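The values are calculated or read from the model by the stated rules, or taken from the named source; none is laboratory data. Since the structure is predicted, the reported quantities are computational estimates derived from the model, not experimental observations. All Cβ positions, even for glycine, are placed from backbone atoms using ideal geometry, and neighbour counts span all protein chains on display. The area values use the complete protein model at the heavy-atom level, side chains included, leaving out ligands, DNA and RNA. Shrake-Rupley method; radii C 1.70, N 1.55, O 1.52, S 1.80 Å.
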Amino acid sequence: FTVDRNSTATRVNSLGLIESVAANVPRLDYTDGNCPSLLLEPQGTNLFTYSQDFNSLTKERTTVTVNATNSPEGLVTADKLVEDSSLNSHRVRDNISTVSGNDYTFSVYAKASERNKLRLFIGGSNASCEFDLVNGTLQNNTGTEANISLSANGFYRCSLTTTATATANTLFLIALLDDNYDFTYQGNGTSGFFIWGAQVEESSVASSYIPTSGTTV
């Protein structure tokens, strides 16, 4: 058969790694195991302009160690978020334009290190969810939908969906949590977790990963 797709796109290959596939090439995806399936999905746009550069985000009581470990694509491109030593929240954030009444899905790949709990938060609707990066579980979801799924190299893809309540620049936030899921806690200046592949899209589900490096794609 013939596939017509006017852009590159990503898939999970037979090694379990995320890789890019050229335009007009079918995506045989191995996400569900040893037998591939043809990956078909609607067109999507990643509104996060630097999907792998977390230094580009606003950092609050958090530092970023770039290229700290192997990412789900098998390259040393995953960063590490590290808390400072204050008694406060420890997070990174960005503001992205949303349209009232439309669904948005916020997703990121994360891997446990000294910290293994993560919170995603979307402003406006105040949707949030907490993710356990060891057991692959979630709790306290206040969004429309939330999911966590195992990817390559020990990373989980965490996603949160909500309906925008305003046409405005909306806050999208990633926070470190302590072992008790506390948002505000005493940091030690050295602990954190690994992170890669941030994505915000106007959709009710997370599509396959869309890399960006300065513009929406």
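Figures for the structure shown
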read-out	value
Any hit, the range 88-98, residues being outside any strand (DSSP E or B), open to solvent by 50 Å² or more (accessible area, probe 1.4 Å) and either touching a Gly at 6+ places or on another chain (Cβ under 8 Å) or more than 17 Å from Leu173 (Cα to Cα) (or both)	no
Failed item in (1) among the small types (Gly, Ala, Ser); (2) open to solvent by 30 Å² or more (accessible area, probe 1.4 Å); (3) closer than 21 Å to Lys59 by Cβ, with Ser191 passing the rest	(2)
Neighbours by Cβ (under 9 Å, 6+ apart or cross-chain): first from the range 168-196, more than 19 Å from Phe54 (Cβ to Cβ) and charged (D, E, K, R); second open to solvent by 30 Å² or more (accessible area, probe 1.4 Å) and part of a strand (DSSP E or B)	Asp178/Gln186
Residues of the range 3-16 satisfying the condition of being open to solvent by 40 Å² or more (accessible area, probe 1.4 Å) and either without any contact (Cβ under 8 Å) to a residue 12 or more places away in the chain or in contact with a strand residue (DSSP E or B) (Cβ under 8 Å, 6 or more places away or on another chain) (or both)	Thr8, Arg11
Some residue of the range 140-158 being among the acidic types (Asp, Glu) and either open to solvent by less than 20 Å² (accessible area, probe 1.4 Å) or modelled with pLDDT under 95 (or both)	no
Top-ranked residue in the range 152-177 [being of a type in the set (Val, Ile, Thr) and part of a strand (DSSP E or B); ranked as nearest to the chain's Cα centre (by Cα)]	Ile174
Close pairs from the range 140-151: first closer than 16 Å to Ala110 by Cβ, partner open to solvent by 80 Å² or more (accessible area, probe 1.4 Å) and part of a loop (DSSP other than H, G, I, E, B), Cβ under 9 Å, at least 6 apart	Asn147/Val205; Ser149/Thr31; Ser151/Thr31
Test for Val76: is it without any contact (Cβ under 8 Å) to a residue 24 or more places away in the chain and either within 20 Å of Ala146 (Cα to Cα) or open to solvent by 30 Å² or more (accessible area, probe 1.4 Å) (or both)	yes
Subset of the range 194-208 (residues that are open to solvent by 10 Å² or more (accessible area, probe 1.4 Å), touching an Asp or Glu at 6+ places or on another chain (Cβ under 9 Å) and under 27 Å from Glu83 (Cβ atoms))	Phe194
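Conditions (1) closer than 22 Å to Glu201 by Cα; (2) modelled with pLDDT of 95 or more; (3) among the hydrophobic types (A, V, I, L, M, F, W, C); (4) buried (at least 18 other Cβ atoms within 10 Å of the Cβ), marked per residue:
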| position | (1), (2), (3), (4) |
| --- | --- |
| Gly101 | yes, yes, no, no |
| Cys129 | yes, yes, yes, yes |
| Val134 | no, yes, yes, no |
| Thr137 | no, yes, no, no |
